[in-house]
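Here is the structure we will look at.
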Amino acid sequence: MNQNQSSRRAALAATIALAIGRPTSAQTGYPDRPLHVIVPQPPGGGFDFVTRALSERLGTQLGQNVVVDNRPGSGTLVGTELAAKAAPDGYTLLTGSISNLALNMGLYRNLPYDSLRDFEPLGLAVAYRYTLMARKDLAQGSLKEVIDYARANPGRLTYASAGNGSGQHILAAALWQQAGVQLTHVPYRGAQPAYQDLLGGRVDLFFDLSSTARAQIDAGNVRPIAVSGGARLANHPDVPTIIETGVARLELESWFGLFAPARTPAAILERLRGELARVIASVEVADTFRKAGGTPLNLSMDATRELVRRDVERWSRLVRQLDIKPE
């Protein structure tokens, strides 16, 4: 055997040894059965919409079904805790957002999970703003007029939410606090009963995800007052941002993405992140989110980690400052 042949065989042996020592997800057979994505809210909301837009396409990429598993309860607490305590094997994932990963950290004194410690981000797909709506016959036509009236008439105006500690509640409470006014909170069990009373004129104001609010605005059932993002919505370009109104320096976009339990093997995380990134980057998925009023995201993993960390720290701290308690 000549020297070149010996060198090639030595190199091949080293490559094989390295592969044996560091198995990939393909070598472990992952995935060899369906995956489940836990959605911590009932079907029909923002969590569910985003999950279903991603899951079928992710399943195609992975060669396995990805099952949407709605696990509502205690806001978003039940499903999120279930995912945090799931086996870290890549077969149980979580749809994460501001509400279950950031707001809950401030709401619950003894939260059974830590959003930054117990989950690994796989990718963020889309961000949605919130729109503040008024019943269509409310005398106040702008956010400044709402604030001026509330300052002169503490507690007279009412605002709905999907429940104590929901995104709709906390965003509104933060706005009223920054503006230095008092409004009466009317919590509901979900967004649908809140809409029923808003349309029926029994409550004055309601913050909701802009994607859901759009249908009611376009139908003329409610009046848009302001949006929570850093820029106006393309669908409603005449509606100012909260910051533009001069009432408060407040901005929020609620992101949605997929997360895995901490301690999931690195090779599996790498596989999931790569396949999910292809799904998120597809024109079809971006168009789906854009048509629903969202802003498609396509972030690096470093940028994803930083955004999640920043929002968890910022919003959990604000919730504690507002002294908002869960139901």
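Listed here are the residues, each with its yes/no results for (1) on the phi > 0 side of the Ramachandran plot; (2) hydroxyl-bearing (Ser, Thr, Tyr); (3) buried (at least 22 other Cβ atoms within 10 Å of the Cβ); (4) under 18 Å from the mean Cα position of the chain (by Cα).
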| position | (1), (2), (3), (4) |
| --- | --- |
| Leu252 | no, no, yes, yes |
| Val283 | no, no, no, no |
| Arg290 | no, no, no, yes |
| Pro296 | no, no, no, yes |
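Only one of these is over 22 Å from Tyr108 (Cα atoms), in contact with a strand residue (DSSP E or B) (Cβ under 9 Å, 6 or more places away or on another chain) and either without any contact (Cβ under 8 Å) to a residue 40 or more places away in the chain or aromatic (Phe, Trp, Tyr) (or both): Ala266, Ala277, Ala286, Ala292. Name it.
Going through Ala266, Ala277, Ala286, Ala292 in turn, just one is over 22 Å from Tyr108 (Cα atoms), in contact with a strand residue (DSSP E or B) (Cβ under 9 Å, 6 or more places away or on another chain) and either without any contact (Cβ under 8 Å) to a residue 40 or more places away in the chain or aromatic (Phe, Trp, Tyr) (or both): Ala286.
In region 45-60, which residues are modelled with pLDDT under 95 and farther than 19 Å from Trp255 by Cα?
Across region 45-60, the qualifying residue is only Glu56.
Restricting to region 98-148, count the residues that are of a type in the set (Gly, Ala, Ser) and either open to solvent by 50 Å² or more (accessible area, probe 1.4 Å) or over 23 Å from Ile324 (Cβ atoms) (or both).
Result for region 98-148: 5.
In region 93-149, what residues are of a type in the set (D, E, K, R) and under 18 Å from Ala174 (Cβ atoms)?
Start the filter on region 93-149 by keeping residues that are of a type in the set (D, E, K, R), which leaves 109, 114, 117-118, 120, 129, 135-137, 144-145, 148.
Residues satisfying the conditions are Arg129, Lys144.
Need pairs with beta-carbon distance below 8 Å; first residue farther than 16 Å from Glu253 by Cβ and within region 306-327, second open to solvent by 30 Å² or more (accessible area, probe 1.4 Å) and assigned to a helix (DSSP H, G or I); sequence gap 6+ or separate chains.
Ser316/Met105; Val319/Met105; Leu322/Gln177
Considering only region 149-245, give the helices (runs of 4 or more DSSP H) lying wholly within it that have at least 2 residues that are open to solvent by less than 20 Å² (accessible area, probe 1.4 Å).
Per the criteria, 167-179, 191-199, 210-218.
Taking the criterion of being assigned to a loop (DSSP other than H, G, I, E, B) and in contact with a Phe, Trp or Tyr (Cβ under 9 Å, 6 or more places away or on another chain), would at least one residue in region 91-111 satisfy it?
Scanning region 91-111 turns up at least one residue that is assigned to a loop (DSSP other than H, G, I, E, B) and in contact with a Phe, Trp or Tyr (Cβ under 9 Å, 6 or more places away or on another chain).
The values are calculated or read from the model by the stated rules, or taken from the named source; none is laboratory data. Values in this document were obtained by computation on a predicted structure and should not be read as measured data. Here Cβ is always computed from backbone atoms with ideal geometry, including for glycine, and neighbour counts include all displayed protein chains. Note: accessible area is taken over every heavy atom of the protein model, side chains too, but ligands, DNA and RNA are not part of it. Shrake-Rupley method; radii C 1.70, N 1.55, O 1.52, S 1.80 Å.
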